[in-house]
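Working notes, structure below.
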Amino acid sequence: MRVLAITGGVGGAKLAVGLAKVLQSNEVVFLVNTGDDFRHLGLHISPDLDTLTYSLANISCPAKGWGRRDESWTFVKTLQDLGGPSWFQLGDQDLALHAYRTQLLTEGRSLTEATQVIAEALDVKHSILPASDDPVATTVESDIGELSFQHYFVKHQCRPKVQGIRYVGADRARLNLRLDLATISLVVICPSNPYLSVDPILAIPDLRKFLRKPNVAVLAVSPIVRGRALKGPTTKIMTELGYNVDNETIALHYADFLTGFIVDGADATDCDPIQELGIKCIARNTVMHTTEARVQLARDTLDFGATLSK
Ligand code: FO1
């Protein structure tokens, strides 16, 4: 079974780590959000690609979920002393990655190729693919105007009220050309923020068409537990967009292609209305504080996926 795992930032990366421990590198491909990417200090920064690469290399910062562990901050402190923009915290080791990726891109390598060079250097065996090598930029329409993703998420710390989210360029973006959809028998949507991290990927036309094929089994792991997202602004954004913060809303969000849905054990009763949507639903532990929990959820996901595959 070739698994396509769709993931964004921190939440999705946890399940991705579990899947990478359970599946060989030729059994799974990770398709990663690039809507958070931006140019900063002349550098091309790809936060979700880096979060996954660092997580699979086991060098990510567990406390923050982004950047590297055992990091030093001389660069950004010096930048601040010079009066430069220090709102986006670039660690010294992390900075080397951004500088090198920018150099590779300047030399004409694609984002896919640059990501592969860096993953290999960090001894990551699994395939990490940007959803597209064409530009996709998530922008947030807010009560203080339209904001780029990082300005909304980091500079303004998700405080502005969200009125809408756009994925600029997604409708023209080609799905990653390395992806051979014919080999995929199961698609897993990892528990990332549906609106900020998964939708920029689903907005790529070729992908959504594929997910809707009746012979393609697609399952999602809910990012909501007991009516709240475990981390990040999902709860706030859903409320501001007028959604109920619950599993049914998430299942409905993916309903046009979803075959199966995994909710947390605490929300097992949410499965009934979701089954009525024609989506198979099971309850498992989706709170992944430990590596064991990540591996267990990965196993539960694959076992469930095997019952869905057509
Ligand atoms: N998130 C923050 O909240 N504050 C930061 O200063 C910050 C710096 C940063 C540097 C590199 C990187 O790859 C990610 C970074 N992030 C930071 C997270 C980033 O905003 C991501 O887009 C989020 O993880 C959402 O996916």
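The values are calculated or read from the model by the stated rules, or taken from the named source; none is laboratory data. Quick caveat, the model's predicted, so the values are computed rather than measured. Using ideal geometry, Cβ is built from the backbone for each residue, glycine included, and neighbour counts are taken over all protein chains shown. We work out accessible area using only protein heavy atoms, side chains counted, and drop any ligands, DNA or RNA first. Shrake-Rupley method; radii C 1.70, N 1.55, O 1.52, S 1.80 Å.
A simple charge model with +1 on the Cβ of Lys and Arg, -1 on the Cβ of Asp and Glu and nothing else charged puts the dipole of the chain at about 180 debye relative to its Cα centre.
Straight-line cross-link partners of Lys77 among the aspartates and glutamates, defined as a Cα under 16 Å from its Cα and at least 8 positions apart when in the same chain: Asp92, Asp94.
Taking only protein heavy atoms and a 1.4 Å probe, the accessible area of the chain is 50% carbon and sulfur.
Placing unit charges on the Cβ atoms only, positive for Lys and Arg and negative for Asp and Glu, gives segment 270-310 a dipole magnitude near 200 debye about its Cα centre.
Both radii come from the Cα set of the chain: Rg as radius of gyration, Rh as Kirkwood radius; their ratio Rg/Rh reads 0.95. Local charge sum around Glu107 (other residues, Cβ-Cβ under 15 Å, Lys/Arg +1, Asp/Glu -1)? Value of the local net charge: 0. Classify segment 1-73: rounded, prolate or oblate, from the alpha-carbon gyration tensor (a ≥ b ≥ c, eigenvalue square roots; a/c under 1.5 rounded; otherwise prolate if a/b is larger than b/c)? Here segment 1-73 falls in the oblate category. Given their separation in residues at 0.36 nm each and the Cα-Cα distance between them, Thr290 and Asp143 gain 49.1 nm when the chain is fully extended. Per residue, how much accessible area does the chain show when a 1.4 Å probe rolls over the protein heavy atoms, in square angstrom? On a per-residue basis, the chain sits at 43 Å².
Averaging the sequence gap over all C-alpha pairs within less than 8 Å and six or more residues apart, then dividing by the number of residues, gives the chain a relative contact order of 20 percent.
Working note: Karplus 6.51/-1.76/1.60 with θ = phi - 60° gives segment 91-96 the couplings x, 5, 6, 4, 4, 4 Hz, where Gly and Pro are set to x.
Classification of segment 147-269 by its C-alpha gyration tensor yields an oblate form. The axis ratio a/c (a ≥ b ≥ c) is 1.5 or more, and b/c is at least a/b. Shown here is the pair-distance distribution of segment 39-80: with all Cα-Cα distances grouped in 10 Å bins from zero up to the longest one, the shares run 27, 46, 27, 0 percent. The local environment of Gln24, defined by Cβ-Cβ distances under 11 Å, has a net charge of +2 under the rule Lys, Arg +1 and Asp, Glu -1.
For Cys281, nonlocal amide neighbours, meaning residues 5 or more places apart or on other chains whose placed amide H falls under 5 Å from its own, are Phe261. The amide H of Ile189, built 1.01 Å from its N in the peptide plane, has Ile6, Leu219, Ala220, Val221 as neighbours under 5 Å, considering only residues 5 or more places off or on other chains.
Karplus-based coupling profile of segment 155-165, in residue order and whole Hz: 4, 9, 6, 6, 6, x, 7, 7, 10, x, 10, with θ = phi - 60° in 6.51 cos²θ - 1.76 cosθ + 1.60 and x standing for Gly or Pro. The alpha carbon centroids of segment 146-179 and segment 188-223 are separated by 16 Å.
By a 1.4 Å probe calculation restricted to protein chains, Thr235 has an accessible surface near 20 Å², given to the nearest 10.
Simple point charges give the picture: +1 on the Cβ of Lys and Arg, -1 on the Cβ of Asp and Glu, and for segment 12-60 a dipole about the Cα centre of about 120 debye.
Near the amide H of Ser142, within less than 5 Å, lie the amide hydrogens of Leu147, Gln163, all on another chain or at least 5 residues away, with H placed in the peptide plane. Using a 4.7 Å Cβ-Cβ cutoff, the cysteines of the chain lacking any partner cysteine are Cys61, Cys158, Cys190. Convex hull of alpha carbon positions in segment 63-204: directionally averaged projected area 10.9 nm².
The heavy atoms of Lys14 offer some 60 square angstrom of accessible surface to a 1.4 angstrom probe.
Each residue of segment 251-264 was assigned a 3J(HN,Hα) from its phi angle through the Karplus curve 6.51 cos²θ - 1.76 cosθ + 1.60 (θ = phi - 60°); the sequence is 4, 5, 4, 9, 4, 6, 9, 6, 9, x, 9, 10, 9, 6 Hz, with glycine and proline shown as x.
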